[in-house]
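Notes follow the structure.
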Amino acid sequence: MDLDSLQRIGKLGKPWGHQGDLTVHLDLVEVEDLAEAECLFVDIDGQKVPFFFTKLQDKGRDVLVKFDDFHDPQAASILVGRDLFAPPGLLVEDGDEHWDPATLIGMQVADEAHGELGEVVALDGTDEHPVLVIRNGEEEVLVPLADELVVGIDAEQGLLVVRTPPGLIDLYRN
């Protein structure tokens, strides 16, 4: 995983309660956006350290996180004031429905109907209408990057699953 592509989502606040929960001050991110994450990363002396969590809860003005490694407020207090990051590919950019297509370069692409297509090696098209350049050996396939064609992104596995329009892949394979 490329730790440089982690997305800063906020800052950890003071401990809450007696179980080691911490308050979180989120920047332009909603708790629901983080529901799919298995872990969050904390900046400790310039290193992004992953911490698994068991609870991420909206408590009115505050958001609470319970990291697995901390069971009391004294232990959790070492994280107070540290920047918090989400894994790459988890969040949409700038709170809108679009993400940076450049983060897909290097990912393997699989189509629901046609199986593995290859690796994203470049982007083509325009900013409004990007096109993925996918290469598998000598075979190159161009797939428009549209929300309705993306079935899922697994950033940890480096996998993008798409549903290409009927006949598109056949154009390149025949």
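Read-outs: derived from the displayed coordinates by stated rules, not from any lab. In this text, all values refer to a predicted model and were calculated from it rather than measured experimentally. So basically every Cβ, Gly included, is an ideal-geometry build from the backbone, and we count neighbours across all protein chains shown.
Worth a mention:
- Three-way shape call for the range 18-92 based on the alpha-carbon gyration tensor, with the a/c threshold at 1.5: oblate
- Distance between the modelled labels on ARG163 and ASP68, one decimal in nanometres: 3.3 nm (7 Å Cα→Cβ projection).
- The range 10-54: C-alpha gyration tensor shape, a/c 1.5 cut-off, then a/b vs b/c: rounded
- Efficiency of FRET between LYS14 and GLU139 - r from beta-carbon atoms, R0 35 angstrom, step 0.05: 0.05
- Dipole-positive endmost among VAL143, GLY17, GLY158 within the chain (Cβ charges, Cα centre): GLY17
- For the chain, the antiparallel share of DSSP beta bridges with both residues in that region comes to about 90%.
- Projected-area mean, the chain, by convex hull of Cα positions, square nanometres: 11.4 nm²
- Along the range 150-167 the Karplus relation, 6.51 cos²θ - 1.76 cosθ + 1.60 evaluated at θ = phi - 60°, assigns HN-Hα couplings of 8, 8, x, 10, 10, 5, 5, 7, x, 10, 10, 9, 10, 10, 6, x, x, x Hz to successive residues, with x for each Gly and Pro.
- The sum of -39500 (n - 2.57) across all DSSP H runs of n ≥ 4, divided by the residue count of the chain, sets its helix-only mean residue ellipticity at 222 nm to -1000 deg cm²/dmol.
- A simple spin-label model places pseudo-atoms 7 Å from Cα toward Cβ; at ILE44 and LEU171 they are separated by 5.1 nm.
- In this label model, LEU56 and GLU32 are separated by 1.4 nm, measuring between points 7 Å along each Cα→Cβ vector.
- Counting charges near GLY118 (Lys, Arg +1; Asp, Glu -1) among other residues having Cβ under 14 Å from its Cβ returns a value of -4.
- Cα gyration tensor shape for the range 101-173, rounded if a/c is under 1.5, else prolate or oblate: rounded
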